[in-house]
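This report concerns only the one structure given below.
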Amino acid sequence: MRTSPDFIRQLPTTGAIHRTLWQRLHIDPVLLLLLCALAGYGLFVLYSAADDHLIAMEKQGGFFVLGVCVMIAVAQINQSTLRLVAPVLYGLGVLLVIAVALFGEISMGARRWLDIPGLPRFQPSEMLKIGLPVMLATYFHERSTPPRFKHVFWSLVMIMVPVTLIVRQPDLGTGLLVLSSGLMVLFMAGIHWGYIAAAIAVAAAAAPVMWFFVMHDYQHKRVLMLFDPESDKLGAGWNIIQSQTAIGSGGWAGKGWQQGTQSQLNFLPESHTDFIIAVLSEELGYRGVLVLLCIYLLIVARGLWISWHAQETFGRLLGSTISITFFLYAFVNMGMVSGILPVVGVPLPLVSQGGTAIVILMIGFGLLMSISTEKKRPVY
Amino acid sequence: MAHHPSHYSSTLLSHNTNSERRVFARRLMISGVVVVVLSLTLLIRYYLLQIVRNEHFSTQSDANRIHTMAIPPARGVIQDLEGTVLAQSKPSFTLEIIKERVQDIDYTLRELQNILQLDDSELDRFRDRLKRRQRPYEGVMLRGNLDDEQIALIAVNRYRLPGVEVTAKLVRDYPFGELFAHSIGYVGRISEKEMQKIEDAGETDNYYGVFSMGKVGIEKSYEKKLLGTPGAQNVETDVRGRILRTLDRKDPVRGATLTLYLNVRMQQAAVEALAGRRGAVVAIDVNTGGVVTAVSTPSFDPNLFVAGISGKDYGALRDSPDLPLLNRIIAGEYPPGSTIKPQLVLAGLDGGFITPEYQIYDPGFFQLPGQTRKFRDWKKGGHGSGINAHLAIAQSCDIYFYQLAHRMGIDRMHDFLAPFGLGQLTGVDLSGERKGVLPSREWKRKRFKQAWYPGDSINAGIGQGYHLATPMQLAAATATLARRGIRIQPHLVKAIDGMDIAPAYDTPILLRNPRHWDTAIGGMHEVTQGPRGTAKKVFADAPYTVAGKTGTAQVVGIAQNEKYDAAKLAERQRDHGLFVAFAPVDKPQIAIAVIVENGNSGSGAAAPVARQVLDAWLLGHSPVPTAIQKPIALEAASHGAEE
């Protein structure tokens, strides 16, 4: 065992000596507690936001319990095992995304869903939210960091293949999230600032091209609505006007649980899914938003703390990426509903109604727990 | 630090160097900073929305859910002197069609026709109404007064008939129909032009939720009193506009109740007395100026106008030669004929042109000095000798008045008659009043750009020629006679919400010698009771005293040497019969003016009508009790009255 004077090593070392029950179960109790708090808070809001209150709450609660089980199961997976299956996971994800492009089911004007007999209908793009960072973390785990040009190149290929396919479904929102999770791994791996500067330059140059050749009309509209929602009050601007009205009318203390007129009288669309933060803001007020943001930040902080103490590159890259990405979901959702980002279909993590999202997120937290409780490996 | 033996050994932390850790630590730190910055962005954004602009968004959110709905006020009731309701707003279930919501109007109407057994003419009328412009999403009434069964039938079928609505509305109702059409008038849908006027006057709030307004008659002249004040309620609606609950409510204030001097009994007496002939009866309570009878025949059913009259019905009324829409009471202009002779006698006496004792000889005609044209007396051969002022009125001696007019000249006649209200609006509280004509040199120059000829004065001396007066003017002038110069503006409304309206007095007429009133009134008394009075037959058995004056107004000019022959003239060219009177002579209560168009003569046609109405007022005689008068037949033939 390698000893290090580095203070960073102190805590895990201590932990390694006195392994607790939690550690043996591969569960991080702090993270679990925070997740339960978030889920409980979310269910409380969902009860008010959904039309069928109790039913929606029970269903969502069920998914959360399922998610916790999945999380604990994932937490048991050995990191080296994970690295072994990473290419398989990633490859399967890419294949499925290709399959979607070829045989996918069209729903609401986009080809996103895959219907495989015997399995529930699902979006393979969701799988890549986990699969891509795991793949990249594995890739860099086995190479020296900061990455060399060659590795940066191949990792970009690994990122851009699925992202391009997802964006063309079209699902710009998920595509961008998958892209950012991939780039996050690169960033955490210590990619040279020169690359980052170059990437920003390329993105700036590519923006007009994207606007005119890649983005669809409805996507244009969503971006334009950001600047002037009043221009199409009853159409594309409706959602954003109503959500801002809901948020703004909440004030400091809110209108009271189940008392939000915007949401209860159905002025607010998608109030139980993507726009649930507007319900929370309207009914629980600014202080309710502060509480939510605190829980999110605590979860992210815990995630980063775990990554900080991770023993291997893999764990560090994956853990930090999962944590930051989780925060990004929350940020993008809260930003789009409040009108500082264009409306892309990103749910509020662990609060918006939707089982798939919960399970995917909980898989991510399972990986975090696996990282946090990983046994120190002897150095031969 | 150990070397990593292999790149591919996953078990070896080969490149887990301190420098790598430092890079990661820095990146982690940067990420943490980014997370904090983004979180602050969100906090600021939500702070701006929720705290800084909270008021703005609260208002907007309330505007989303809270909608103000008008509660129209109930229009004021109009009742007669005895409290009988003449006009009221009745709740009624109305079938309306909202054009904008209907998918297939023909289908909808076909279905409704089957469900409600509507007849084709009803549908045609509705289609007429549908074509008219109106505010968007305003219902067009298809049928009012739905009964429970019809409401149920519509309710069952409503799901397949979008745009078909049953609404409870207050609908104006005139229980006596035509009896008061020309006095009370009617309400109708507010037109675009009227809406504009209301907006220009800044009275939009007063008409919040109100869709009809007074169009003519008392309904129009007392519109502001009758309207009331609209109420409003704030309701909470969901995004589909469904009303969930009422948040607050301001009750409307109903319009004022108007009590009229008119009354059903007198109106019916007058209509009965006119017996289907075209004409008008106006009776005024001389002590108050209150109009107790105001009848113009033929009439129409004002209820037709409330929902919007069909083009066909309106056309029939408009084009009828009997002019049922003409309000003869205030807009029917007739030559007053001999009915103004008492006033002319007063003019002569007051101006010193005659004395009560002054007598003339009537050879049956009058000639201006140096002219051959003969102005004839109505009585062939004339009235003979010894005609003084009394007899001139009693027998309606034209020659006496030809001479008088010749001596006075038109300007003196005009100046004396003007204070009696001739040639000017009486100021009665009805809209659409006409002024008539009280001729003068000045008037003729303006009107015809012609000089005044001496012959014009002669004609004017018997109320012919250019003279025109409305029944209301004649009744008011007669009331002024009865009150010996005291002038009260005639008015129909006695009280508003039980508070009596004080009569409006005009400048009284003061004679140099008040005893001259006795001369004129004595002459009028003799009309009804003198041995040779023109209306003595009609009032022979009257248990009260009457001062009256007959009049016959030429409809067509008669050539110089032609004798007037009623039988030969087409019915429409016969003379109008007029009669004015007040009673009792000593303590006058009521003044009356009657016109029977083409009635041939005042004594034969008009005086009997006046007798019946005076009986009703002074004796309380009701006409044979009838239900509400059936429509006065538009085609009613004139009863030629003979003297």
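The values are calculated or read from the model by the stated rules, or taken from the named source; none is laboratory data. All of these numbers come straight from a predicted model, not from anything done at the bench. Reconstructed Cβ throughout: ideal geometry from the backbone, glycine too, with neighbour counts over all protein chains shown.
I'm trying to understand the selection: among the residues of segment A:49-108, which are β-branched (Val, Ile, Thr), outside any helix (DSSP H, G or I) and at pLDDT 85 or above?
Correct list: A:Ile77 only.
Of the conditions (1) among the hydrophobic types (A, V, I, L, M, F, W, C); (2) at pLDDT below 90; (3) out of contact with any Lys or Arg (no Cβ under 7 Å at 6 or more places or on another chain), B:Val555 fails just one. Which one is it?
Only one criterion is unmet by B:Val555, namely (3).
Check segment B:507-516 and report whether any residue there is outside any helix (DSSP H, G or I), in contact with a helix residue (DSSP H, G or I) (Cβ under 8 Å, 6 or more places away or on another chain) and farther than 27 Å from B:Tyr400 by Cβ.
Scanning segment B:507-516, I find at least one residue that is outside any helix (DSSP H, G or I), in contact with a helix residue (DSSP H, G or I) (Cβ under 8 Å, 6 or more places away or on another chain) and farther than 27 Å from B:Tyr400 by Cβ, so the answer is yes.
How many residues are closer than 15 Å to B:Thr94 by Cβ, of a type in the set (A, V, I, L, M) and free of Cβ contacts under 8 Å to residues at least 12 places away in the same chain if we restrict to segment B:154-168?
1
Specify the residue that is nearest to B:Arg328 (Cα to Cα); the eligible residues are those in segment B:222-274 that are polar (S, T, N, Q) and within 14 Å of chain A (Cβ to nearest Cβ).
That would be B:Asn234.
Taking the conditions exactly as written (in contact (Cβ under 8 Å) with a residue 40 or more places away in the chain and in contact with a strand residue (DSSP E or B) (Cβ under 8 Å, 6 or more places away or on another chain)), does B:Ala475 satisfy them or not?
For B:Ala475, the condition - in contact (Cβ under 8 Å) with a residue 40 or more places away in the chain and in contact with a strand residue (DSSP E or B) (Cβ under 8 Å, 6 or more places away or on another chain) - is met.
Looking only at segment B:265-305, how many residues end up being farther than 24 Å from B:Val546 by Cβ, in a helix (DSSP H, G or I) and in contact (Cβ under 8 Å) with a residue 24 or more places away in the chain?
2
Do we find a residue being touching a residue at least 60 places away in the same chain (Cβ under 8 Å), within 14 Å of chain B (Cβ to nearest Cβ) and outside any helix (DSSP H, G or I) anywhere in segment A:180-201?
Looking for residues that are touching a residue at least 60 places away in the same chain (Cβ under 8 Å), within 14 Å of chain B (Cβ to nearest Cβ) and outside any helix (DSSP H, G or I), one finds at least one in segment A:180-201, hence yes.
List the pairs whose first member sits in segment B:496-521 and is more than 30 Å from B:Gly76 (Cβ to Cβ), whose second member is acidic (Asp, Glu), and whose Cβ atoms are under 8 Å apart, counting only residues at least 6 apart or on separate chains?
B:Leu511/B:Asp350; B:Arg512/B:Asp350; B:Asn513/B:Asp350; B:His516/B:Asp350
With (1) modelled with pLDDT of 90 or more; (2) charged (D, E, K, R); (3) not in a helix (DSSP H, G or I) as the list, and B:Lys169 as the residue in question, which single condition is left unmet?
(1)
Only helices (runs of 4 or more DSSP H) wholly contained in segment B:177-261 count here; list those with 1 or more residues that are without any contact (Cβ under 8 Å) to a residue 60 or more places away in the chain.
Passing ranges, in order: B:192-200, B:223-227.
Quick one: is A:Gln262 within 9 Å of another protein chain (Cβ to nearest Cβ), touching a Phe, Trp or Tyr at 6+ places or on another chain (Cβ under 6 Å), under 17 Å from B:Glu236 (Cβ atoms) and not in a loop (DSSP other than H, G, I, E, B)?
no
Is it true that some residue in segment B:293-300 is touching a Phe, Trp or Tyr at 6+ places or on another chain (Cβ under 7 Å) and more than 30 Å from B:Lys169 (Cβ to Cβ)?
no
Answer yes if at least one residue in segment B:409-423 is surrounded by fewer than 18 Cβ atoms within 10 Å (Cβ to Cβ), within 30 Å of B:Val493 (Cα to Cα) and under 37 Å from the mean Cα position of the chain (by Cα), and no otherwise.
The answer is yes; a qualifying residue exists.
Does A:Met158 fit the bill of being of a type outside the set (Val, Ile, Thr), under 23 Å from A:Leu317 (Cα atoms) and not in a loop (DSSP other than H, G, I, E, B)?
For A:Met158, the condition - of a type outside the set (Val, Ile, Thr), under 23 Å from A:Leu317 (Cα atoms) and not in a loop (DSSP other than H, G, I, E, B) - is met.
Return the only residue of B:Gly348, B:Gly308 being touching a residue at least 40 places away in the same chain (Cβ under 8 Å) and either in a helix (DSSP H, G or I) or within 20 Å of B:Asp575 (Cβ to Cβ) (or both).
Checking each option against the conditions leaves just B:Gly348.
Conditions (1) assigned to a helix (DSSP H, G or I); (2) over 16 Å from the mean Cα position of the chain (by Cα); (3) more than 12 Å from chain B (Cβ to nearest Cβ), marked per residue:
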site	(1), (2), (3)
A:Gly254	no, yes, no
A:Trp257	no, yes, yes
A:Phe267	no, yes, no
A:Val279	yes, yes, yes
A:Val289	yes, yes, no
A:Cys294	yes, yes, no
A:Val300	yes, no, no
A:Leu304	yes, no, no
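I need the full set of residues from segment A:314-359 which are within 11 Å of another protein chain (Cβ to nearest Cβ) and assigned to a loop (DSSP other than H, G, I, E, B), in order please.
Result: A:Gly339, A:Ile340, A:Leu341.
If I filter segment B:599-643 down to residues being within 27 Å of the chain's Cα centre (by Cα) and at pLDDT 90 or above, which single residue comes out as surrounded by the most Cβ atoms within 10 Å (Cβ to Cβ)?
Filtering segment B:599-643 for residues that are within 27 Å of the chain's Cα centre (by Cα) and at pLDDT 90 or above, the one surrounded by the most Cβ atoms within 10 Å (Cβ to Cβ) comes out as B:Ala606.
Of these, B:Asp350, B:Asp429, B:Asp362, which one is under 30 Å from B:Ala502 (Cα atoms) and touching a helix residue (DSSP H, G or I) at 6+ places or on another chain (Cβ under 9 Å)?
Checking each option against the conditions leaves just B:Asp429.
Identify, by number, the condition in (1) surrounded by fewer than 17 Cβ atoms within 10 Å (Cβ to Cβ); (2) over 28 Å from B:Glu165 (Cβ atoms) that B:Ala63 doesn't meet.
(2)
Using the structure shown, decide if B:Ser183 is modelled with pLDDT of 85 or more and closer than 24 Å to B:Asp301 by Cα.
Taking the combined requirement at face value, the residue satisfies it.
Can you name the condition, by its number, that B:Ala593 falls short on among (1) under 22 Å from B:Pro324 (Cβ atoms); (2) without any contact (Cβ under 8 Å) to a residue 60 or more places away in the chain; (3) crowded, with 24+ Cβ neighbours inside 10 Å?
The failed condition is (2).
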